[in-house]
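First comes the structure, then the notes that go with it.
The values are calculated or read from the model by the stated rules, or taken from the named source; none is laboratory data. Note that the structure is a prediction, hence the values are computed from the model and not measured. We place every Cβ from the backbone using ideal geometry, glycine too, and count neighbours over all the protein chains shown.
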Amino acid sequence: MLIDLQQRLAVVTGGASNIGRGISLQLADSGAQVLIIDKDLVQAQCTADLRPGKIRVMACDLSDPLQVQTLGQRLAENEVVDILVNNAGWVASEYFEKKDLAEIDFEIRLNLIAPLLLTRMLVPGMIARKRGRIISVASEAGRTGQRTQVAYSAAKAGVMGMTRSLSHEVGRYGITVNAIAPAMTLPESSEDVGVGSMQTQRNRSPEMMAKIVKAYPMGRVGHPPDIAAAVVFLASDQAGFITGQTLPVNGGFITT
Ligand SMILES: NC(=O)c1ccc[n+]([C@@H]2O[C@H](COP(=O)([O-])OP(=O)(O)OC[C@H]3O[C@@H](n4cnc5c(N)ncnc54)[C@H](O)[C@@H]3O)[C@@H](O)[C@H]2O)c1
């Protein structure tokens with residue numbers, strides 16, 4: 001199956017590091033023009049430099065709803081966005097009774113409000129053009145629950161709810177709306193993450209990693225290209241009859 005995304009513009013939030021970087025690179029390799037939206041412009045530019053002429057970058061703090069609205073308006077007025085990938089996210093793992101209100105608010109704004117607002121701003125253009133792909137990177141935490149990630153899991157479950165409900169509204173315009181639920185997905189190299197990445201703050205000992213990997217039937221955790229391949233497929237014409245779904249890309253970590 002040859003996937004051809006030429007003549008398509010894909011917006012990828014959080015496209016600078018790790019999963020978003022993998023998604024941006026594979027979309028570009030499939031022919032799409034890519035616009036990365038990220039707060040870490042240095043790392044975003046490093047990613048763009050890997051595919052000269054294919055990837056542009058734009059700054060935005062997606063945890064700020066006003067900035068997201070301004071960005072959405074700018075994109076709606078100046079760009080023809082065919083593919084929206086809501087990927088940017090963040091979790092600071094901590095028991096819920098220890099989380100302060102500001103942290104809960106932040107995780108909801110970045111992981112749920114930003115995808116809702118950006119999708120709201122870009123969907124009218126897709127409706128007018130009668131084509132579009134909206135793909136959100138959710139999480140297995142939002143499907144099955146995860147200790148120390150209560151607000152984040154609530155936000156990711158919300159993203160899956162957005163996906164299901166919006167698919168009912170826009171299918172008649174040829175627009176599909178899907179989500180992906182990764183489990184643990186680690187960068188392949190330290191160059192794949194910048195200072196904006198939550199992965200830079202995680203140190204896991206080899207013993208801990210060996211224990212984690214045992215829970216994955218495929219014998220390894222995920223890497224960005226695993227998620228990116230699913231995004232590229234969902235963005236393609238070939239996936240035009242798949243909508244309202246959340247696709248687990250998790251190496252069999254959770255089976256349902
Ligand atoms: N990596 C995993 O194990 C895993 C598992 C399940 C779900 N996810 C989800 O996948 C997505 C990507 O995860 P990742 O591991 O690649 O994350 P990451 O932290 O490595 O990268 C996130 C990217 O988003 C950008 N970003 C963060 N906050 C931002 C903000 N306020 N405004 C603009 N940009 C911002 C960062 O600069 C970075 O480029 C997230 O939504 C995450 O919740 C990740």
Check your understanding: Looking at (1) within 19 Å of Ser197 (Cα to Cα); (2) at pLDDT below 95; (3) not acidic (Asp, Glu), which is the only condition Val57 fails?
Key -> (2)
Revision key, fill the gap. Only unsatisfied item for Pro248, checking (1) surrounded by 14 or more Cβ atoms within 10 Å (Cβ to Cβ); (2) in a helix (DSSP H, G or I), is (2)
Check your understanding: How many residues are surrounded by fewer than 24 Cβ atoms within 10 Å (Cβ to Cβ) and within 18 Å of Met198 (Cα to Cα) if we restrict to the range 1-24?
Key -> 0
Review point. Among the residues of the range 64-91, how many are within 13 Å of the ligand (Cβ to nearest atom) and within 22 Å of Gly22 (Cα to Cα)?
Key: 7
Check your understanding: Which condition number does Met1 fail, the rest of (1) modelled with pLDDT under 95; (2) assigned to a helix (DSSP H, G or I) being met?
Key -> (2)
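If I go through the range 123-142 residue by residue, how many of them are surrounded by fewer than 20 Cβ atoms within 10 Å (Cβ to Cβ) and not small (Gly, Ala, Ser)?
First, the residues of the range 123-142 that are surrounded by fewer than 20 Cβ atoms within 10 Å (Cβ to Cβ): 124-125, 127-131.
From what is left, the residues that are not small (Gly, Ala, Ser) are 124, 127, 129-131.
So the count comes out to 5.
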Revision key, fill the gap. In the range 93-111, anything within 16 Å of the ligand (Cβ to nearest atom) and in contact (Cβ under 8 Å) with a residue 40 or more places away in the chain is listed as Ser93, Glu94, Glu103, Ile104, Phe106, Glu107, Ile108, Arg109, Leu110, Asn111
Review point. List the pairs whose first member sits in the range 146-158 and is more than 18 Å from Ser63 (Cα to Cα), whose second member is within 12 Å of the ligand (Cβ to nearest atom) and of a type in the set (S, T, N, Q), and whose Cβ atoms are under 7 Å apart, counting only residues at least 6 apart or on separate chains?
Key: Gln146/Ser153; Thr148/Ser93
Check your understanding: From Met218, Met184, Met209, which residue is over 23 Å from Ser30 (Cβ atoms) and in contact with a Phe, Trp or Tyr (Cβ under 8 Å, 6 or more places away or on another chain)?
Key -> Met184
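If I ask for residues that are of a type in the set (Ser, Thr, Tyr) and part of a helix (DSSP H, G or I), which ones from the range 195-223 would you list? Before you say what the answer is, go through the steps one by one.
Of the range 195-223, the ones of a type in the set (Ser, Thr, Tyr) are 197, 200, 205, 216.
Passing the criteria: only Thr200.
Rundown of residues vs (1) in contact (Cβ under 8 Å) with a residue 40 or more places away in the chain; (2) surrounded by fewer than 20 Cβ atoms within 10 Å (Cβ to Cβ); (3) touching an Asp or Glu at 6+ places or on another chain (Cβ under 6 Å), yes/no style:
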{"residue": "Gln201", "(1), (2), (3)": "no, yes, no"}
{"residue": "Pro206", "(1), (2), (3)": "no, yes, no"}
{"residue": "Lys211", "(1), (2), (3)": "no, yes, no"}
{"residue": "Val231", "(1), (2), (3)": "yes, no, no"}
{"residue": "Gly240", "(1), (2), (3)": "yes, yes, no"}
{"residue": "Gly244", "(1), (2), (3)": "yes, yes, no"}
{"residue": "Thr255", "(1), (2), (3)": "no, yes, no"}
Check your understanding: So Ala59 clears everything in (1) under 23 Å from Ala179 (Cα atoms); (2) within 11 Å of the ligand (Cβ to nearest atom); (3) in contact with an Asp or Glu (Cβ under 8 Å, 6 or more places away or on another chain) except one condition, right? Which one?
Key -> (1)
Exercise for review: Test Asp29 against the stated conditions and say whether it is closer than 25 Å to Met184 by Cβ, touching a residue at least 40 places away in the same chain (Cβ under 8 Å) and either more than 14 Å from the ligand (Cβ to nearest atom) or more than 13 Å from the chain's Cα centre (by Cα) (or both).
Suggested key: no
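Name the single residue that is nearest to Pro225 (Cα to Cα) among those in the range 4-35 being among the hydroxyl-bearing types (Ser, Thr, Tyr) and not in a strand (DSSP E or B). Give the derivation first.
Step one: list which residues in the range 4-35 are among the hydroxyl-bearing types (Ser, Thr, Tyr), which gives 13, 17, 24, 30.
Remaining after also requiring not in a strand (DSSP E or B): 17, 24, 30.
Working: Ser17: 12, Ser24: 10, Ser30: 13 Å.
Among those residues, the one meeting the criterion is Ser24.
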